[in-house]
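Laboratory data are not the source of any read-out in this text; all were calculated from the coordinates shown. The structure presented is a predicted model; accordingly, all values stated were derived computationally and were not measured. Here the Cβ positions follow ideal geometry from the backbone for every residue, glycine too, while neighbour counts run over all protein chains shown.
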Amino acid sequence: MEITYFGHSSFRVKNKLATLVTDPYDPSVVGRKYPRNTEADIVTISHDHADHNASGEIGGSPFIIHGPGEYEIKGVSVIGIPTYHDDCMGKERGKNTAYRIEMDGLRIGHLGDIGHLLTAEQTDMLDGIDILMIPVGNVHTIDAKTAAAIVSDVAPQIVIPMHYLTDAHAAGLWKNLHPISEFLQVMNKGLIVPIQKLSITKDKLPQEMQVVVFE
């Protein structure tokens, strides 16, 4: 399996049989270009905000998953888990869907713009996750401390932070995002060398939890 980060909360996850993209964004909203000619078989949408639901950016006639439920496409299992975009049961920003994705024997959790700690039921639905993609930037989602608490509850082998401040976010709403350094500090991680992509198989998962940062 190969994982590539497109920025914000969007990743491409692919194997030899299928390609899945999470939360494609509208470039005019996020402030950075979306990779041209991106195609996928599956697209997951966590919620209906333009920085997460721009499925029109994806070619290849993908199957769009937009909410809770169980899906099986081209050997990829996807379970949508109902959550909220805030910590007051959606009263401020509405609903959010977290996804449990299984591909090549690996289990990935993508939390979208979750705005709260996980309930016991939600934690159970993410039981056994190998790789957790989690927002850490605080604006319209959780902050570093809440993200670290969720990581502790889910206990994945690999943690991939997302939705944090980058150079592309230097203007508009996103300039208030928190930098990734805050999350790394809370996690007691020092300098981590960013990578371009992650190639991983079940037998190559680290023995101890590892935080992966993408360029």
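A compact table of results
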item: Length gained when the stretch Ser181-Leu117 is fully extended (0.36 nm per residue, less Cα-Cα span); result: 21.0 nm
item: Lysines with Cα under 25 Å of Lys14, excluding same-chain neighbours fewer than 8 positions away; result: Lys33, Lys74, Lys197, Lys202, Lys204
item: Expected-Rg normalisation [2.2 N^0.38 Å, Cα atoms] applied to the chain; result: 0.92
item: Rg(Cα) / (2.2 N^0.38 Å) computed for segment 143-215, rounded to two decimals; result: 1.19
item: At most 12 other Cβ within 10 Å, DSSP loop - chymotrypsin sites (Phe, Trp or Tyr not before Pro), segment 129-215; result: none
item: GNM result for the chain, Cα springs below 10 Å: residue of Val151, Val193, Val78 fluctuating most strongly; result: Val193
item: Whole-angstrom gap from segment 68-97 to segment 129-178, using each part's C-alpha centre; result: 17
item: Residue exposure sequence - Arg93, Arg36 - by fewest surrounding Cβ within 10 Å; result: Arg36, Arg93
item: At most 14 other Cβ within 10 Å, DSSP loop - GluC sites (Glu not before Pro), segment 1-97; result: Glu92
item: Those trypsin sites (Lys or Arg not before Pro) in segment 157-214 that DSSP places in a loop and that have at most 11 other beta carbons within 10 Å; result: none
item: The chain: antiparallel DSSP beta bridges as a percent of all, rounded to 5; result: 60
